[in-house]
Every structure is written in C-alpha cells, then in structure tokens.
1. Roughly how tilted is helix 85-96, in degrees to the nearest 10 and between 0 and 90, from the longest Cα axis of the chain?
2. Out of every Cα pair in segment 1-67, what percent are spaced more than 16 Å from each other?
3. Could you work out the relative contact order of the chain, using alpha carbon pairs under 8 angstrom and six or more residues apart, expressed as a whole percent?
4. More than 15 angstrom separation, counting every C-alpha pair in the chain; what % is that?
5. Using only Cα atoms, figure out Rg for segment 13-52 and give it as a multiple of 2.2 N^0.38 Å.
6. Taking the Cα centre of segment 1-91 as origin and charging only Cβ (+1 Lys, Arg; -1 Asp, Glu), how large is the dipole, in debye to the nearest 20?
7. Round to a whole angstrom and tell me the spacing of the C-alpha centers of segment 46-114 and segment 3-40.
8. Cα axis of helix 26-45 to longest principal axis of the chain: angle in degrees, 0 to 90, nearest 10?
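Values in this text are rule-based calculations from the coordinates and carry no lab data. Keep in mind it's a predicted model, so treat the numbers as computed, not measured. Using ideal geometry, Cβ is built from the backbone for each residue, glycine included, and neighbour counts are taken over all protein chains shown.
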Amino acid sequence: MRVEATVPDARGVALADLAEDLGLSRSQIVDEALALFLNAVMEVRRGRRLVTLGASGMDTAREIVTPTLAQIEWTAHRQSVRLPEEAVQKMAALVERPPKANKALKNLMAVGTK
C-alpha cells in the first residue's frame, strides 16, 4: 500500500539522515516507525506505560509519551464523579444567577479587549 504523509521539514531531514545512516529506504524507516507506534497504542490500551531503560539497569527509567498516547490513556481510564445533591443544586443556581463581576475580573476583561 502506498501512503503519503506531510511532516515538518526538520523531521523529513532526520528521516533522510536516519535512512542513510542505517542503509534503509525511507519507506522501511516509516514502516518500522508505524509498527512501533501500533505496538505502543496496543500497550497503552492495555493499561501499560512505555519506558526505556539503560543497558546497565542502573539508569532512571524514562517514560515514552506522545500526545496521542496520553489521550488514549486518559480516555481509557474515565471515572464517574459523584457530587452531593446540595453541590449540584449550588452549581445549578450559579449557572442560573451568576455572581456579578468583581473589579479584578472587570480589569482582566478590559485588558483582553485592548
């Protein structure tokens, strides 16, 4: 399958350099990267985290995080929030009758419109 993607120039240069250093084609590099990312997504969906460890095992573990992996982790572990009835009523009252803006809020709003 042919896939076309747009990447930032710096990443494109890094891709070309890496392909040359490893003696691989850019397609092979992208295929490896995609395989690694698919594996990472599956592991995060299983509730696992990805880390790197030094060969000696003495180094600090470093977590591998991307915006997509973080989003998958957050959405996979949703929890319900239960509020007491009086808190829900207070929130509803504030929505219906919000308090008047104080001086600090008015000043902040004025700055935002300049």
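1. Taking the Cα atoms of the chain, the angle to 85-96 is about 80 degrees.
2. Working: 1376 of 2211 pairs.
Everything past 16 Å amounts to 62 percent.
3. On the way: 41 pairs, mean separation 14.9, N = 114.
Worked out over the chain, it gives 13 percent.
4. Numbers: 5207 of 6441 pairs.
In whole percent, the long-distance tail amounts to 81.
5. Details: Rg = 12.8 Å, N = 40, 2.2 N^0.38 = 8.9 Å.
This ratio for segment 13-52 stands at 1.43.
6. Working: 11 positive and 13 negative charges, 105 e Å.
With Lys and Arg at +1 and Asp and Glu at -1, about 500 debye.
7. So the separation of the two Cα centres works out to 33 Å.
8. For 26-45 against the chain, the angle is about 40 degrees.
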